[in-house]
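The values are calculated or read from the model by the stated rules, or taken from the named source; none is laboratory data. What you see is a predicted model, and the numbers here were worked out from it, not measured in a lab. Cβ atoms come from the backbone with ideal geometry, glycine included; neighbour counts cover every protein chain shown. Protein only, heavy atoms only, side chains kept; ligands, DNA and RNA dropped before computing areas. Shrake-Rupley method; radii C 1.70, N 1.55, O 1.52, S 1.80 Å.
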Amino acid sequence: ARVSSSGTKFDMTKLNWLNGVYIRNMDTTQLAVHLRRPLVKAGLEVNVDVLLRIVPLVRERLKTLNDVVEWAGFFFEEDVPVPAADALIPKGLDAVQTRTLLNRVFAILTALPTFEPHAMETALRPLIEELHLKPNQVFGPIRAAVTGRTVSPPLFESMAIIGREVSLTRIARAAA
């Protein structure tokens, strides 16, 4: 008697929000187990130790488990494609300036004794002031070169996980 015959309204936005809350509240190890499935399904070879380091970087951004492929797939790819010029070249710079910038970044990062997030950021901050650029004009091309995306988890933490050799190779390819 109290059941309506009209269709119900299902709020997908609220469901995605609720799912994101559930993901953020999961234990890191348990979440890593669940995130491994979509990554493997996407054809990526997943190193569990690396995945455990990635979970804290991406958990806040995930609404569904499948979102991990978009947010963290580049960690497990052998090589990311060189980004298109519009993703690599920031506003206010041209191709030559961006190449010069990436070459300078490559030299600075190569000279670092450790490839830790704080060390990388500390070494690159003076370059922003020296070139009279905004942080995004320097860090944006690096992010695009290393991750293949314009939006990613924290840049320096991501580079530390990816490793010095792979990060520098991707920066050099983008500069070329």
Where does the chain land at 222 nm, in deg cm²/dmol rounded to the nearest 500, when only DSSP H runs of n ≥ 4 count, each adding -39500 (n - 2.57), divided by all residues? -19500 deg cm²/dmol
Along each of the three principal axes of the Cα atoms of the range 82-165, give the extent in whole Å, ordering the values from largest to smallest. 31, 26, 18
Tell me, Kirkwood radius of the range 1-73 from alpha-carbon pair distances, in Å? 13.6
In straight Cα distance, which lysines are under 27 Å from LYS134, not counting same-chain residues fewer than 8 positions off? LYS91
Would you kindly derive the ³J(HN,Hα) couplings of the range 61-78 from the backbone phi angles with the Karplus curve 6.51 cos²θ - 1.76 cosθ + 1.60 (θ = phi - 60°), listing them in order in whole Hz, with x for Gly and Pro? 8, 7, 9, 10, 5, 5, 5, 4, 5, 5, 7, 9, x, 5, 5, 10, 7, 4
With the other protein chains left in place, how much accessible area per residue, in square angstrom, belongs to the chain at a 1.4 angstrom probe? 60
Rounded to a whole number, what is D in µm²/s for the range 42-92 from Stokes-Einstein with the Kirkwood radius over alpha-carbon pairs (10 °C, 1.306 mPa s)? 125
Tell me the label-point distance for the pair SER5, ASN47, using the 7 Å Cα-to-Cβ offset, in nm and rounded to one decimal. 6.3
Using a cut-off of 24 Å between alpha-carbon atoms, which lysines can reach LYS63, once sequence neighbours fewer than 8 places away in the same chain are excluded? LYS9, LYS14, LYS41
Hey, what's the per residue convex hull volume over the C-alpha atoms of the range 1-139, in cubic angstrom? 203
